Amino acid sequence: MNTEQPVVNQQLMQPSKRIMTLDVLRGLALFGILIANMLHFQSPYIYIDPHTFYNSPIDALTFKWIDILVEGSFYPIFAMLFGYGINMQYEKGLAQNRSTVGLMLRRFSLLMVFGLIHAIFIWSGDILFTYAIYGFLMILIVRIPKRILLILSVALFTVTNVLLYAVTYLIAQTSGAMEEFVDIQQIELAITAYAHGTYLEALQFRVGEWLIYGLLNSVFAGFLIVPLMMFGVVFSKWKLIERGATLWKVWLVFILIFGPLGFYFKALPYLKEPRIDYGILQTAFGGPFVGLFYMGLVVLLMATPLQKILQFLAPVGKMSLTIYIMQSIVATLIFNHYGLGLYGKLDLSTGTWIAFGIFVIQIILANLWLARYERGPLEALWRKWTYRKL
């Protein structure tokens, strides 16, 4: 292992060279996140039981495949890539004999600000604030040796998710049907605010929604996201993506093992019945496992001629912060009353096709933008703040 270290350090000392596969993976993750978030943009999704709410055949079928293939499967990719990038910065600092603590503190501080602005003024389903909070924690975690960190990651992921499943299993024995968790009052309030309200009325509801559900979700999400970020750090320490072509057997194992397991967990409510404990298995185990399956596919395909097709996603991934915020702006303008006012008026399949259309336009815009500029507008601001160049 020592014979490899000088090579790694020399690469890190060179001017920053982006790894296209990382950007392609980020671009793919943003596509999946948009499809999943569209459920929230167009309806009071967090307050309903989707298994009974989508009662038309086309909507039921559309939701089923989004639920199995997309929902909860792409944010794990982004979380792992978040940890991957943090370790890359850390190792670059080590190679240059400088601390990255101050840099990371500034980086996550501004990310937290972006998240707050996004959650309050645009969309309450923000994830940036949560990533920023646990990014501060990762500044410490990234220093743990990779083998110890791997053990800790697996242990934390397994213990927390098994305990979470155990709790929901006990709940399911008495009141596990998903329709029992429907919040009729919040559904009506959400429709009033987003489908009929002015921007200020929507803002008032959004702030309350985020303070109650957003902050609580940030705490709850830590049990799901932190282990995934830790896995990303471990993957980065072993250079699994940079060395994807030579470590193809590792990724093939991920595909063959985590793919079937993940899709089984994701399909449980349809193979058995929609229950809260099966929903947790979907989220806690199914989503991350399917995410690893998708990551493995992309890493392996990037070593084939199909790279020429996948590389169109790279500009989207390179300006992922701008793209993510843009998705929320466009979608809220389409569905909220202060925009086109289509909230609750379209079927699910139409909303999904709108998401496809938005993303295709974003691919085009990202490629055009980066043909002229080095990075996206929010990324440029983020970098200037991080490196004190404002």
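Computed from the coordinates by the stated procedures, all read-outs in this text should not be read as laboratory data. What you see is a predicted model, and the numbers here were worked out from it, not measured in a lab. Here the Cβ positions follow ideal geometry from the backbone for every residue, glycine too, while neighbour counts run over all protein chains shown.
Give, in nm to one decimal, the length gained when the segment between Gln307 and Arg143 is fully stretched (0.36 nm per residue of separation minus the Cα-Cα distance).
Values: separation 164, 0.36 × 164 = 59.04 nm, distance 3.34 nm.
Extra length from Gln307 to Arg143 when fully extended: 55.7 nm.
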Worksheet, complete the sentence: Farthest towards the positive end of the dipole of the chain, among Pro44, Leu378, Leu240 and with Cβ unit charges of +1 on Lys and Arg and -1 on Asp and Glu, lies the Cα of Leu240
Practice prompt. Within 10 Å of each residue's Cβ, count the other Cβ atoms and sort Glu71, Glu273 from fewest upward.
Written response: Glu273, Glu71
Item to complete: Could you work out how far helix 146-175 tilts from the main Cα principal axis of the chain, as a 0 to 90 degree angle to the nearest 10?
Response: 10 degrees
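Exposed loop chymotrypsin sites (Phe, Trp or Tyr not before Pro) only (DSSP loop, at most 13 other Cβ atoms within 10 Å): please give the longest stretch of the chain free of them, not including the sites. Walk me through the numbers on the way to the answer.
Numbers: sites that count: Tyr373, Tyr387.
Result, exposed sites excluded: 1-372.
If you place +1 on the Cβ of every Lys and Arg, -1 on the Cβ of every Asp and Glu, and leave all else neutral, what size is the dipole of region 214-286 about its Cα centre, to the nearest 20 Debye?
Details: 7 positive and 3 negative charges, 49 e Å.
With only Lys, Arg, Asp and Glu charged at Cβ, the dipole is about 240 debye.
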Worksheet item: Where does helix 248-271 land angle-wise versus the long Cα axis of the chain, in degrees 0 to 90, nearest 10?
Response: 10 degrees
Worksheet item: Using the Karplus equation 6.51 cos²θ - 1.76 cosθ + 1.60 (θ = phi - 60°), what ³J(HN,Hα) coupling, rounded to whole Hz, does each residue of region 82-94 give in order, writing x for Gly and Pro?
Response: 4, x, 4, x, 4, 5, 4, 5, 4, 5, 5, x, 4
Worksheet item: What angle do you read, to the nearest 10 degrees and between 0 and 90, between the alpha-carbon axis of helix 20-41 and the longest principal axis of the chain?
Response: 10 degrees
Worksheet item: Once both labels are modelled 7 Å past Cα along the beta-carbon direction, what's the Leu203-Gln96 spacing in nm?
Response: 3.9 nm
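Take the alpha carbon atoms of region 13-76, find their radius of gyration, then divide it by 2.2 N^0.38 Å using N residues; give the quotient.
On the way: Rg = 16.3 Å, N = 64, 2.2 N^0.38 = 10.7 Å.
Ratio of Rg to 2.2 N^0.38 Å for region 13-76: 1.53.
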Worksheet item: Where does the charge balance sit around Leu268 when Lys and Arg score +1, Asp and Glu -1, over other residues with C-beta under 15 Å from its C-beta?
Response: 0
Response to the item:
the chain: longest segment with zero exposed trypsin sites (Lys or Arg not before Pro), where exposed means DSSP loop plus at most 15 other C-beta atoms within 10 Å, is residues 144-242
Worksheet item: In deg cm²/dmol and to the nearest 500, what is the mean residue ellipticity at 222 nm of the chain if only DSSP H runs of at least 4 residues count, each as -39500 (n - 2.57), divided by the residue total?
Response: -23500 deg cm²/dmol
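Placing +1 at every Lys and Arg Cβ and -1 at every Asp and Glu Cβ, with all other atoms neutral, what dipole size does the chain have around its Cα centre, in debye to the nearest 20? Write out the running numbers ahead of the final one.
Values: 28 positive and 20 negative charges, 439 e Å.
In total the dipole reaches around 2100 debye.
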